[in-house]
Structure formats: C-alpha cells, structure tokens
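Have a look at the structure below, then the notes.
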Amino acid sequence: MAVKAFTCTVCPIGCEITVIVEEGKIVDVKGFGCTRGKDYAVREVLDPRRILVTVIRCRNGRLPTVSVKTDKPIPKGKTWEIMRILSGIMVEAPISMGQVIVRDVADSGADIVATRPNPKSDENSDQPHPIRIRSFRR
Amino acid sequence: MKRGYDVVVVGGGPAGLAAGVKARMLGLSVLLLEDSDTLGGIPLQCIHPGFGLHCYGEDLTGPEFSHRLIGSAEEVGVNHILNAYVSGMAAFPDNRRITLRVISPDGAFKLHASTVIYAAGAREKHIFEAGIVGDRVSGLYTAGEAQALMDLYGVMPGREIVVVGSGDVGLIMARRFALEGAHVKGVVELLPYPGGLTRNIVQCLEDYGIPLLLSHKVAEVKGERRVEKAIIVKVDERLRIIPGTEREVKCDTVILAVGLVPYIKPLRDLGVEVDPSTGGPMVNGFLETSIPGIFTCGNALAINDLADYAVEQGGQAALGAYNFIKNRGIPEAWKSVGKGRNVKLAIPHYISRGRDAIIYVRVKKPERNVKLHIPEIDWEMKLPSVKPAEMIRVRLDAEDLLKIIDGLTIEVIPDTCRR
C-alpha cells in the first residue's frame, strides 16, 4: 500500500489530499474539498501531465534562441527524454510563432511549437539613421 | 517629425501596449516610447504559460502574450520609437501640457503631450535590499537577469544554484534552472510561508525535488572571483537570525528573486504623490496621478501578479487620457479608499461615486474563511482563502458606489456566518 499526499492546485484554497494506492489501483481519496480536486488528485496519481517549455538554439536569428512549448500537456515521465531530444536541435532563422519544430516528440502525441518569432538577424541595424518613428502601416 | 501628441506612452510592455492600443481606438494621436530594442516588455523572456487567461481566455506563454499585444498595436497603428529613453519630464498643468525629454541613438529631442501614460514597469530589488553581506563576486544575478541570459541569449548562468525568495518569480526560475540541468540547492524564504502560488510550489519545486527553506535567510555570500558558498541561517518569528544555525551551502550562483519595485524616478522628480505601501504613485479611478494629465498603469503603478491586470490598467489609463482631453481635465469628486484590517494595499486610492470601479487588493497575511468587506456601502464578498501572493480583484458597480458619502474602507474580516 502506498499513500500519496498532494497539495491541490485547482483553486487557491490548496486542500491537502491523500490518495491511497494498492497494487497500482486507487482505493481511497481523502481530504479533497470538491470533485474537481478529487479528479486532480486521481490524475496526479494515474497520469500526471505538464506543459513543457524551454528554449532551443537558433542560428542566424536576431536572438540565439527560440522559445518553445509542447502544444499539449505531456506525461511528466517523458520530461527528461524530451529535454534530451531538444538539446540536440539547432534551427535556422527565420522562425515564425506557432511553427512546429518537432512533430509528435518522443511519441507523446504533442508537437514542439515556437512561442516567439525569430526573424533573421539584421546586420545593418547598428548603422546610424535619422530619428525613426516606426509605423506599422507601410 | 511630429512633436506634439494627445498621448505619449512611456514603455512598450503589456501595460504600455494596451494603453497605446486603447488610446488609438478612442481616436487619439499616440506616440509610444520604448527604451529597449523591441516592443513586448518582460513577458518576452517569461517563456512559461499562465498569461492571458483574463484578457484572452487562453493560457499563453509570455512571448505569445506579448506578441498578441504587439499584433493589436500593429492592427490599430500605434506609432512608436525604439531605444528611446525618457530622461525627464516637465508638467505645465495650467496649459494642460507635458514636455518629455527623450534620448535615443538618433539624438536627444523634446516632445509635447496633452497626456502621458507612464508604463515603464518595475525594477528588481538588488542584493543590498535583501540584506545579504559578503563578497560581491561573479555569480550573483537577479532572477530577471538570469532569465534574460537563459531564455533570450541561451546562456546558463551557473550549475549549482541557490535561489533567494519564494515568490512566483523565484519558483519559476528554480524550475527553469533544474530543467536545464542545473542543481538547485534550495529556495530560501525569510517568511514562514511561501510567497508564490500553491500551483508553483507543486509544479516548480515538488516536481523537481527542490527543497524549500522557510524561515531561512542567506546571510552572506563568499567566494573569490566567483561565488563559492552561501551562508544560510534560520530566523525566528520576528525574522531575527537564530545564532548557531549557520551552515554553508556550496554553490556557484546565487539568484535574487526578492521582489520588484515600481520604477517611477521620472515621476518622483516631478513630485507625484507616492503610496509607500505600493511604491507607486497615488492614483484615482482613471489611474491619474496627483499631477493632472499623467496616468500610470502596470508594474509602474503597483506590482501586479498577472500581466493581464497590467493590460486591464493600460486600457483604463487610456480611457482616462481620453476623458482628460475631451473634458479638459477630469473634474470628478474623488472619494478616498482606505485600508482596514489585513489589507496591505488597495488600488486605486480614490474612486468616483458615479462610475464602476475595479479595485485591486493585497492582504498582509494569509487567512482562511474571511470576507472582503466595505462597511460604508454594506458590500461583501466571501473568500475561502487569502494570501499575500494573490491579489484580489473586485468590481464595484456605480449603483453600489452611490451610497458613499466621504470615502470607503476595505477590510478583510473573519466570515463568522460560515458553516
């Protein structure tokens, strides 16, 4: 028998929930204040998932990185596998926001998508120029 | 180049962008000044989700949130100058005119505006303000510096890290370091309770096995050229160091996440009234400061929990600027908002009887089963749990506010009728 204790994160109250597991099955859930909290605790035991965010390397961009996320929550247990895959990736600017970088990463069913555009670096940007009021309307 | 505008917005982060967009939508001529080389502000380096739930009803990462706002600014055509720093301002209330001195790589120049929306954000508290003594060596960073290094420039600030401060910023950075392979030795918090949201305690610390040291303090940093160790001590309930509890923790990096302070130097120089509890200006319901025509919003007004609140305030400040220009000033009978039991801060400081109002409240200490109570208008809202980490946002209807005579008091009191 295993007893797993959680602080519920569904709402700000933060109930202390305990889940009692026997042979991989949940036999009891205690301490929850609402059914959403109970569901949360059960999910945390059976299949905890998280959105994973990080940055990957990017060549020839205005910034040397592109921020990315998984487009859906991934199983917590796949975190390190996915991080290892992403650490070996280098993309080339320009990158647009929402661009898919890796499809179905580590068979998680989630894609890695860019959360920040990274345009090609502008080599002339340090040149002096007259006071420039930028307008989006060209 | 045009030198006169209805509104000059200082700062191109969430608050400033929202203010610029709203002002344009209200038909005002707008110029936005941003001192960095890009619009978007700090969320560009906050790559985690949790942004946009209020504004867009979606869970976005910081960069996505900023780019939504940049997209809106693009759509309505908010003119802006990048790398432009406001070095000073002068107000001429009789002429309803404000002058701004601007320094940019292309030269220094003056601008005139009928109104200014000041949205320059906050600065991070530094090591002196955290009361940490010892060597000033390489390896000491504020959380924001470390975040920019990692998540904009792809540079790891260190390998063995101690984080000072358990607010959401400290917790989220602790997770980032751990995820990128650093060993986070602990998050050190002076108070007996964590400063951040429960969700972040679970998802940032517990998920990665990072210890949280409550009622502890980094007293001293030691090292030659690079941080080598932090001296950590326990503190008592009055936050005094308990002698004999010192221990050394080996580390190469100390991260300071000990809070933010509204950056309002140009406003202070003008002599705006400042609220010591927020560190920002005193404002009325249109977020106008004590100097007519100068409005403020976002973290320059007060440190917000959510960038969404900064956006909401930006819109409100723009509405204020619109009313100011239309009516040649804001002629309202402002009533003061007082702070009662367990209320650390309440914004705005003055409200009008005739208008709906949004009030942001932060409590002094955590409590359960309480209610937010305004005795003057007999208004209350039940709250199962309040924490200093979570700003309370309430909307009051103009109808309720008609009952005010002199002012109102916001208090958090035990909810005795409960259960």
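The values are calculated or read from the model by the stated rules, or taken from the named source; none is laboratory data. Not measured: the values here are computed from a predicted model. Positions of Cβ are backbone-derived with ideal geometry, glycine not excepted, and every protein chain shown enters the neighbour counts.
Quick look at the values:
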{"quantity": "Criterion: among the basic types (Lys, Arg), under 22 Å from B:Asn323 (Cβ atoms) and outside any strand (DSSP E or B) - qualifying residue of B:Lys2, B:Lys22", "calculated": "B:Lys22"}
{"quantity": "Matching option when the condition is under 30 Å from B:Ala84 (Cβ atoms), at pLDDT 95 or above and either surrounded by 12 or more Cβ atoms within 10 Å (Cβ to Cβ) or among the small types (Gly, Ala, Ser) (or both), among A:Ser125, A:Ser121, A:Ser96, A:Ser135", "calculated": "A:Ser96"}
{"quantity": "Residue selected from region B:71-99 under the condition away from chain A (no Cβ under 14 Å) and surrounded by 15 or more Cβ atoms within 10 Å (Cβ to Cβ), by the criterion modelled with the lowest pLDDT", "calculated": "B:Arg96"}
{"quantity": "Complete set of residues in region B:316-339 that are within 22 Å of the chain's Cα centre (by Cα) and more than 17 Å from B:Pro375 (Cα to Cα)", "calculated": "B:Gln316, B:Ala317, B:Ala318, B:Leu319, B:Gly320, B:Ala321"}
{"quantity": "The listed residue being within 20 Å of B:Arg159 (Cβ to Cβ), under 28 Å from the mean Cα position of the chain (by Cα) and outside the structural domain of B:Asn304 (by TED's automatic domain parsing), out of B:Leu205, B:Leu214", "calculated": "B:Leu205"}
{"quantity": "Any hit, region B:310-333, residues being without any contact (Cβ under 8 Å) to a residue 40 or more places away in the chain, outside any helix (DSSP H, G or I) and of a type in the set (Gly, Ala, Ser)", "calculated": "yes"}
{"quantity": "Any chance B:Arg368 is of a type in the set (D, E, K, R) and touching a residue at least 40 places away in the same chain (Cβ under 8 Å)", "calculated": "no"}
{"quantity": "Residue tally, condition surrounded by fewer than 18 Cβ atoms within 10 Å (Cβ to Cβ), within 14 Å of chain A (Cβ to nearest Cβ) and under 25 Å from B:Pro14 (Cβ atoms), over region B:102-128", "calculated": "3"}
{"quantity": "Selected residue (only one of B:Leu212, B:Leu239 is touching a residue at least 40 places away in the same chain (Cβ under 8 Å), touching a helix residue (DSSP H, G or I) at 6+ places or on another chain (Cβ under 7 Å) and of a type outside the set (Ser, Thr, Tyr))", "calculated": "B:Leu212"}
{"quantity": "Residue satisfying condition, being buried (at least 20 other Cβ atoms within 10 Å of the Cβ), at pLDDT below 95 and among the polar types (S, T, N, Q), within set B:Thr198, B:Thr142", "calculated": "B:Thr198"}
